[in-house]
Amino acid sequence: MKQKKYYIIDFDSTFTQVEALDELVRISLKDNPSREAVYKKIEDFTNQAMNGTMSFSDSLAARVQLLEANKSHLKKLVVHLKKRVSKSFSRNAAFFKKHAEDVLIVSGGFKEFITPVVKKFHIKKENIYANTFVFDAAGKIIGYDDQNPLSKEGGKVILIRELNLQGELYGIGDGYSDFQLRESGLIKKFFAYTENISRKSVTAKADHVTPSFDEFLYLNKLPGSISYPKNRIHCLVLGAVPEKDLQPLVQEGFTLVYEQDADDKALQQASMLLITPDVVLDAKKLKKAPRLKAIGVSGKMKTGVPLELCTEMGIVVFGNAKTNGQPAQRMIDFMNKGAISDSCNFPKLQLPAVNNTHRIIHIHKNVPGVMAQVNLLLARHQINISAQFLMTNAIAGYTIIDIDKNYDKQLLKELKKIEHTIKTRVLY
């Protein structure tokens with residue numbers, strides 16, 4: 001009999017991109033002339049606790065003492081935090097709805113701001129474990145319930161031990177208090193969450209380092225909103241590409257590998273390549289890069305990219321950018337949606353956005369009969385096609401197929417085996 005699984009998730013800098021108490025002090029001391037000095041103290045106390053160099057209880061007491069906050073400030077904080085939910089958590093809201101019984105928010109933060117933020121994710125109120133503030137008659141925060149185990153050093157360990165959950169427990173968080181659960185032996189695995197902040201003292205001791213919630217779902221074979229974590233998709237950067245041209249890729253969560261840090265296998269492992277116009281690509285090396293799907297040229301493209309070879313290999317090339325950052329954004333749109341309308345070497349195909357489907361890209365040589373084989377295969381698997389798009393040029397055919405999410409994974413293997421297929425992949 002399978003054991004029940006529980007997912008114990010931290011709130012600050014994990015479920016949300018920020019530390020809520022740090023944000024609350026910025027709101028409450030907005031007009032205080034000494035605010036910068038207080039901000040620094042709050043951040044220092046937070047980091048010391050998260051790195052394990054100060055007890056959590058001492059850190060919490062010190063931070064609350066500096067707040068100068070009231071209930072009206074808390075309302076503003078909640079509005080702010082709802083906009084700062086970590087991106088990979090937001091896009092996987094369906095997971096929380098499906099696993100409402102299995103997800104616990106366990107935090108040293110406070111229910112007053114955690115509960116309204118996680119409510120829309122279908123997380124049950126009774127599954128939210130956090131501290132609570134104490135207010136005076138005017139609504140000012142004057143302290144907190146110091147009898148709550150989460151206000152104490154090792155509070156998460158105390159709480160989980162008291163809950164006595166029967167099953168396999170998985171912990172996800174960014175701080176030392178999250179690792180303590182693994183250290184205590186109460187959870188099966190601890191995932192150090194680094195989408196927002198990475199602490200060496202925590203990542204060094206984790207079972208896994210997960211740069212996004214997508215990665216956690218992928219590692220644990222749980223259904224997610226995207227088929228493959230973006231942090232596992234590498235973009236090799238060759239030449240002095242301006243930092244502002246790289247930012248869209250960083251914000252999207254892709255992993256950048258810079259030329260000075262690259263080894264001999266970097267090109268073979270890359271899914272994207274972003275280069276400056278002066279870079280000349282070696283055709284022999286390009287042929288040994290089977291994972292490569294897109295090349296972007298940061299600036300006006302010259303003759304350094306062998307376009308015909310790229311087309312034959314199913315590599316989409318974006319260049320001749322009129323404004324900074326365009327090639328990176330075009331590659332993102334291609335990786336996320338399959339968009340190729342602005343490519344230099346593929347047919348022009350405009351694609352609508354779709355929901356609740358899987359989008360499959362099938363790139364093949366432009367010879368008769370390939371689409372007939374594709375559709376015959378889909379029919380044999382009884383696949384319901386929501387939409388299908390095809391454009392060709394002299395060398396290649398580019399097909400987009402939107403299908404129902406429920407399908408046999410064998411379908412993808414068989415698509416790749418169709419004669420004249422160049423590349424096949426699932427977008428989401």
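The values are calculated or read from the model by the stated rules, or taken from the named source; none is laboratory data. Bear in mind that the values here come from a model prediction, so they are computed numbers and not experimental data. Here the Cβ positions follow ideal geometry from the backbone for every residue, glycine too, while neighbour counts run over all protein chains shown. Ligands, DNA and RNA are stripped out before the accessible areas are found, and what is left, the full protein with its side chains, is counted by its heavy atoms. Shrake-Rupley method; radii C 1.70, N 1.55, O 1.52, S 1.80 Å.
Selection over the range 126-145 of residues that are without any contact (Cβ under 8 Å) to a residue 12 or more places away in the chain and closer than 30 Å to G185 by Cβ gives a count of 1. Taken as a whole, the range 1-11 holds no residue that is of a type in the set (D, E) and either part of a helix (DSSP H, G or I) or surrounded by fewer than 22 Cβ atoms within 10 Å (Cβ to Cβ) (or both).
Per-residue answers, yes or no, for (1) within 20 Å of Y144 (Cα to Cα); (2) modelled with pLDDT under 85; (3) part of a helix (DSSP H, G or I); (4) open to solvent by less than 60 Å² (accessible area, probe 1.4 Å):
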residue: K40; (1), (2), (3), (4): no, no, yes, no
residue: F45; (1), (2), (3), (4): yes, no, yes, yes
residue: T53; (1), (2), (3), (4): no, no, no, no
residue: E68; (1), (2), (3), (4): yes, no, no, no
residue: V79; (1), (2), (3), (4): no, no, yes, no
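Residues in the range 101-126 that are open to solvent by less than 40 Å² (accessible area, probe 1.4 Å) and over 19 Å from G154 (Cα atoms): D102, V103, F113, I114, T115, V117, V118, F121, I123. Scanning the range 133-172 for residues that are of a type in the set (S, T, Y) and more than 21 Å from N220 (Cα to Cα) turns up Y144, S151. Restricting attention to the range 83-109, the residues that are in contact with an Asp or Glu (Cβ under 6 Å, 6 or more places away or on another chain) and in a helix (DSSP H, G or I) add up to 1. Does any residue of the range 173-191 turn out to be over 17 Å from N220 (Cβ atoms), among the basic types (K, R) and surrounded by fewer than 21 Cβ atoms within 10 Å (Cβ to Cβ)? Within the range 173-191, none of the residues are over 17 Å from N220 (Cβ atoms), among the basic types (K, R) and surrounded by fewer than 21 Cβ atoms within 10 Å (Cβ to Cβ). Considering the conditions (1) loosely packed, with under 15 Cβ neighbours inside 10 Å; (2) out of contact with any helix residue (DSSP H, G or I) (no Cβ under 8 Å at 6 or more places or on another chain); (3) of a type in the set (D, E, K, R); (4) touching a residue at least 40 places away in the same chain (Cβ under 8 Å), K413 is excluded by exactly one of them, (4).
Every listed requirement among (1) in contact (Cβ under 8 Å) with a residue 12 or more places away in the chain; (2) open to solvent by 40 Å² or more (accessible area, probe 1.4 Å) is met by K83 save one, (1). Scanning the range 240-260 turns up at least one residue that is outside any loop (DSSP other than H, G, I, E, B), under 29 Å from K287 (Cβ atoms) and aromatic (F, W, Y). If the condition is being open to solvent by 20 Å² or more (accessible area, probe 1.4 Å) and either within 27 Å of the chain's Cα centre (by Cα) or of a type in the set (A, V, I, L, M) (or both), then the range 141-156 contributes only I142. Considering only the range 56-65, state which residues are surrounded by 17 or more Cβ atoms within 10 Å (Cβ to Cβ) and over 32 Å from the mean Cα position of the chain (by Cα). Passing the criteria: only A62.
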